[in-house]
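As structure tokens, the structure follows; a few thoughts come after it.
The values are calculated or read from the model by the stated rules, or taken from the named source; none is laboratory data. As the structure is a prediction and not an experimental result, all values here were calculated from the model. Every residue, glycine as well, gets a Cβ built from its backbone with ideal geometry; the counts of neighbours run over all protein chains shown.
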Amino acid sequence: MNEKGKPGAHSDDIGKWEAQINALLDGELDVAGAEALKAAATDDQKLARDIIEAYQLQQAMEQLRPERAPASLRRKLKKIPRQHAERPVYLQPRWAAAFAAVPLAVLSLWLAQPQQPSRAEVEQAAAELALAFAYIEQVSSRTAGRIEHEVGGELNAAVGGSVIKSIPQSESKEKQA
Amino acid sequence: MSRKFRQWVDQYQDEAWTLARYLLKDASEAEDATQEAFVKLWKHRENVDPERIKPWLMKVTRNTCMDRLRRRRDEVEFQEYQTADDHGPMAGLHQTELGGWLKQAISSLKEPYRTLVILRDIYQHSYDEVANATELSLSQVKVYLHRARKQLREQLAEVRP
């Protein structure tokens, strides 16, 4: 054994005529070799019988054709491309999940972001606030005049003069809202 | 590509199946092994040289069968199973004396002799293809094949009157 589990391959093991017979069967024997083999077989009955048997064996084996594969196997083999088709990258489960996560993440970020009013909205709010303050100023002025008329000048400044200043701006906004 | 693959199936399924049948001696397992070999062909179709599909497929089929044979732990049981199977690829030749004998003789060959005889003498593959399929050198293929043929001839001589 020259290899694990395999018999040794030394051409010395094969007899001289054995190699010639095989070359003859394989069509590799040249004319001179064929003539030499023929001459030797004429004098050697065993060699002649070996050649005949080798031919018979070769012919018998050539008559053996591959067996037709069963229909069940044929059907299975035809289905292989469909059953083992590679999906496009974006359809593979791990990539599909990754691709699905992207819009979800974007949506989450958008929802989590605080709403910023537009410039026009800020300007509109400021105008409305100014109007509200003007109205309050007017009402305060009238109220102060009335208090002065009914109670006296001492309370006029405490009530009417500082009405606007004493109301925090945020409170004013809440009221306005 | 699947069209090309179907062509390969049409061209080589019988040879792959018959080789598996010879090696495994079991129709059901041979069917599985052949299918496995073709699935491998499908998966490696881009990497296999289109000119060498046949030897590649024969090699994979043989290796698949050998793996399955190795998994059969009880060799004695396997040998008994082999003898019990009377519906091998050459069952059709039972009607002739030589055919019946040939079936038994090829079945009794050891590896790699059996595969070499099947690929070279029955399928008529070239020596290069046989060497490629069996992963042996060209000289090894020739020497082993000569021995296998001689062994078959000797067995033939014994049964001859």
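A compact table of results
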{"item": "Qualifying positions in the range B:1-27 - under 19 Å from B:Ser107 (Cβ atoms) and more than 10 Å from chain A (Cβ to nearest Cβ)", "result": "B:Leu23, B:Leu24, B:Lys25, B:Asp26"}
{"item": "Residues within the range A:13-57 that are at positive phi and acidic (Asp, Glu), tallied", "result": "0"}
{"item": "Enumeration of residues in the range B:112-135 that are within 8 Å of another protein chain (Cβ to nearest Cβ), in a loop (DSSP other than H, G, I, E, B) and farther than 16 Å from A:Gly27 by Cβ", "result": "B:Pro112, B:Tyr123"}
{"item": "Filter result (over 12 Å from the mean Cα position of the chain (by Cα) and either loosely packed, with under 13 Cβ neighbours inside 10 Å or hydroxyl-bearing (Ser, Thr, Tyr) (or both)) within the range B:12-42", "result": "B:Tyr12, B:Ser28"}
{"item": "Residue pairs meeting the criteria (Cβ under 9 Å; at least 6 apart or on separate chains; first more than 18 Å from B:Arg114 (Cα to Cα) and part of a helix (DSSP H, G or I), in the range B:23-36; second of a type in the set (S, T, N, Q) and at pLDDT 90 or above)", "result": "B:Glu31/A:Ser72; B:Asp32/B:Thr64; B:Glu36/B:Thr61; B:Glu36/B:Thr64"}
{"item": "One residue from A:Gln45, A:Gln56 being more than 8 Å from chain B (Cβ to nearest Cβ) and of a type in the set (S, T, N, Q)", "result": "A:Gln45"}
{"item": "Residue among B:Lys59, B:Lys40, B:Lys4 that alone is under 23 Å from A:Arg82 (Cβ atoms), of a type in the set (D, E, K, R) and at pLDDT 90 or above", "result": "B:Lys40"}
{"item": "Output for the range A:81-126, where each listed residue is at pLDDT 85 or above and touching a Lys or Arg at 6+ places or on another chain (Cβ under 9 Å)", "result": "A:Pro81, A:Ala125"}
{"item": "Residue within the range B:79-90 that is part of a helix (DSSP H, G or I), within 14 Å of chain A (Cβ to nearest Cβ) and either at pLDDT 85 or above or within 27 Å of B:Gln124 (Cα to Cα) (or both) present", "result": "no"}
{"item": "Pairs, first under 18 Å from A:Tyr55 (Cβ atoms) and facing another protein chain (nearest Cβ under 8 Å) in the range B:141-161, second basic (Lys, Arg) and surrounded by fewer than 22 Cβ atoms within 10 Å (Cβ to Cβ), C-beta under 8 Å, six or more apart", "result": "B:Ala157/A:Arg49"}
{"item": "A:Pro66 over 26 Å from B:Ser126 (Cα atoms), in contact with a helix residue (DSSP H, G or I) (Cβ under 9 Å, 6 or more places away or on another chain) and within 13 Å of chain B (Cβ to nearest Cβ)", "result": "no"}
{"item": "B:Leu57 within 19 Å of A:Lys76 (Cα to Cα) and away from chain A (no Cβ under 11 Å)", "result": "yes"}
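Let's see how each residue does on (1) within 59 Å of the chain's Cα centre (by Cα); (2) at pLDDT below 85; (3) more than 25 Å from A:Glu62 (Cβ to Cβ):
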{"position": "A:Met1", "(1), (2), (3)": "yes, yes, yes"}
{"position": "A:Gly8", "(1), (2), (3)": "yes, yes, yes"}
{"position": "A:Glu18", "(1), (2), (3)": "no, yes, no"}
{"position": "A:Leu25", "(1), (2), (3)": "yes, yes, no"}
{"position": "A:Ala32", "(1), (2), (3)": "no, no, yes"}
